[in-house]
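Novice: One structure, pasted below without further comment.
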Amino acid sequence: MTCNLKSRHLIFALLAILFFGCDKSDQPHKFLVGFSQCNSAEPWREAMNKEMTQEAGKHSEIELIILDAQQDNSKQVSDIENLITREIDLLIVSPNEARPITAVVEKAFDRGIPVIVLDRKVYTEKYTSFIGADNRLIGEAAGKYTIELLGGKGKVVEIWGLRGSTPAIERHEGFRKAISEVEDIEVIYEQDGAWLRRRGREIMENVLQRFSDIDLVYAHNDPMAIGAYLAAQNAQRPGIRFIGIDGLKGTEGGIKAVATGMLDATFVYPTGAALAITTAIKILKNEKVDRNITLQTQLINKSNADENL
Ligand code: FRU
């Protein structure tokens, strides 16, 4: 009995040493990566979140938190404040609009948190790496394709993305630069559609009532282009061409919309989400990364939509 008690004490003591004496620093440290997403409700951003979560799941050394600002600048500011308070090791941010989000990104960077800016820019040099496609180039390609489709002559409607976001500004500038090369292409109407399909449709419904002669709609993303197409379809106004941007795969995506003839063309706009994670890991391991990582685009039209579905 005495012996039993003694050995039991011994076992307890050993267990206690094992349990409490175990040095926590022996366990691999997990880096906390915070992603401030501007609006998870849009299809392209859903794809982005999914790709990022999948890639993060392959790397046990990081833990990923995604906060959704729901297209609200002040929510995004407080989301980033929240991530700073949670002592994240690295911030990934896709800003809703550039100006209102700039100061809080600078604040994170000034606290020593490395920052990856993803797809939409901020107006500061205080970031570690920018990952995204060249929106001015995409706008220009859309403009050149417009000239080709219309044989250098026609009336165009431009549906903008959110005006304070840099892709909208750059897609606009690139497009206008390209079409300014020809005299007879005229933009008869432009409006901010906030990147939303519903807004694209509403804008187009009004435009169709105001203008009897429309040759092409250039929308800064596919959801707005599809919304505009549906409005024209509903109003029985055939013959209008539609160009969008994003080129998502899948049944609801822009490539399918080209394949089925809703859109005449789209430009693939990669999310860069997986690359953001692998770049984050490099930064956290003190490896060198490029300050600007430019993703490639691709024109999708009737000729290659099926093979890219
Ligand atoms: C989604 C989205 C995409 C677009 C990108 C530009 O929020 O509107 O459709 O290509 O953002 O930042």
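The values are calculated or read from the model by the stated rules, or taken from the named source; none is laboratory data. Since we're looking at a predicted model, the values are computed, not measured. We place every Cβ from the backbone using ideal geometry, glycine too, and count neighbours over all the protein chains shown. Please note that ligands, DNA and RNA were not included when accessible areas were found on the heavy atoms of the full protein model with its side chains. Shrake-Rupley method; radii C 1.70, N 1.55, O 1.52, S 1.80 Å.
Novice: When region 159-200 is examined, which residues are found to be β-branched (Val, Ile, Thr) and within 16 Å of the ligand (Cβ to nearest atom)? So that I can check it myself, show each step before the final result.
Specialist: Initial filter on region 159-200 (β-branched (Val, Ile, Thr)): 159, 166, 169, 179, 182, 185, 187-188.
Within region 159-200, 159, 166, 169 meet the criteria.
Novice: Name the single residue, out of those in region 38-53 being surrounded by 24 or more Cβ atoms within 10 Å (Cβ to Cβ) and farther than 14 Å from residue 250 by Cβ, that is farthest from the ligand (Cβ to nearest atom).
Specialist: Residues of region 38-53 that are surrounded by 24 or more Cβ atoms within 10 Å (Cβ to Cβ), as a first pass: 38, 48, 52.
Applying the additional criterion that residues be farther than 14 Å from residue 250 by Cβ yields 38, 52.
Details: 38: 6, 52: 14 Å.
Filtering first and then ranking leaves 52.
Novice: Continuing with this model, one more query. Could you give every pair whose Cβ atoms fall below 8 Å, whose first residue belongs to region 222-239 and is closer than 19 Å to residue 300 by Cβ, and whose second residue is of a type in the set (Ser, Thr, Tyr) and within 12 Å of the ligand (Cβ to nearest atom), counting only separations of at least 6 or pairs across chains?
Specialist: 222/266; 225/266
Novice: Could you look through region 146-162, keep only residues that are in a loop (DSSP other than H, G, I, E, B) and either touching a residue at least 40 places away in the same chain (Cβ under 8 Å) or polar (S, T, N, Q) (or both), and pick out the one that is nearest to residue 269 (Cα to Cα)? Talk me through it step by step, then tell me what you get.
Specialist: Of region 146-162, the ones in a loop (DSSP other than H, G, I, E, B) are 151-152, 161-162.
From what is left, the residues that are either touching a residue at least 40 places away in the same chain (Cβ under 8 Å) or polar (S, T, N, Q) (or both) are 161-162.
Values: 161: 14, 162: 17 Å.
Result: 161.
Novice: Then there's this: If residue 52 satisfies every condition in (1) under 12 Å from the mean Cα position of the chain (by Cα); (2) under 25 Å from residue 198 (Cα atoms) but one, which is the exception?
Specialist: In the conditions (1) under 12 Å from the mean Cα position of the chain (by Cα); (2) under 25 Å from residue 198 (Cα atoms), residue 52 misses (2) alone.
Novice: Which ones in region 273-293 are outside any loop (DSSP other than H, G, I, E, B) and out of contact with any strand residue (DSSP E or B) (no Cβ under 7 Å at 6 or more places or on another chain)?
Specialist: Going residue by residue through region 273-293, those that are outside any loop (DSSP other than H, G, I, E, B) are 273-284, 292-293.
Within region 273-293, 273, 274, 277, 278, 282 meet the criteria.
Novice: Of the residues 161, 143, 151, 193, which single one is of a type outside the set (A, V, I, L, M, F, W, C) and open to solvent by 10 Å² or more (accessible area, probe 1.4 Å)?
Specialist: Numbers: 161 fails: open to solvent by 10 Å² or more (accessible area, probe 1.4 Å); 143 fails: open to solvent by 10 Å² or more (accessible area, probe 1.4 Å); 193 fails: open to solvent by 10 Å² or more (accessible area, probe 1.4 Å).
The match here is 151.
Novice: Give the residues of region 103-129 that are more than 21 Å from residue 221 (Cα to Cα) and crowded, with 17+ Cβ neighbours inside 10 Å, sorted by residue number. Walk me through how you get there before you give the answer.
Specialist: Taking region 103-129 first, the residues more than 21 Å from residue 221 (Cα to Cα) are 103-116, 123-129.
The answer is 104, 105, 106, 108, 109, 113, 114, 115, 116, 127, 128, 129.
Novice: Which condition does residue 275 not pass, out of (1) out of contact with any helix residue (DSSP H, G or I) (no Cβ under 6 Å at 6 or more places or on another chain); (2) in the same structural domain as residue 158 (by TED's automatic domain parsing), if it passes all the others?
Specialist: Among (1) out of contact with any helix residue (DSSP H, G or I) (no Cβ under 6 Å at 6 or more places or on another chain); (2) in the same structural domain as residue 158 (by TED's automatic domain parsing), the lone unmet condition for residue 275 is (2).
Novice: Touching a residue at least 24 places away in the same chain (Cβ under 8 Å) and either surrounded by 20 or more Cβ atoms within 10 Å (Cβ to Cβ) or among the charged types (D, E, K, R) (or both): is that true of residue 83 in this structure? Walk me through it before giving the result.
Specialist: Working: touching a residue at least 24 places away in the same chain (Cβ under 8 Å): yes; either surrounded by 20 or more Cβ atoms within 10 Å (Cβ to Cβ) or among the charged types (D, E, K, R) (or both): yes.
Against the criterion (touching a residue at least 24 places away in the same chain (Cβ under 8 Å) and either surrounded by 20 or more Cβ atoms within 10 Å (Cβ to Cβ) or among the charged types (D, E, K, R) (or both)), residue 83 qualifies.
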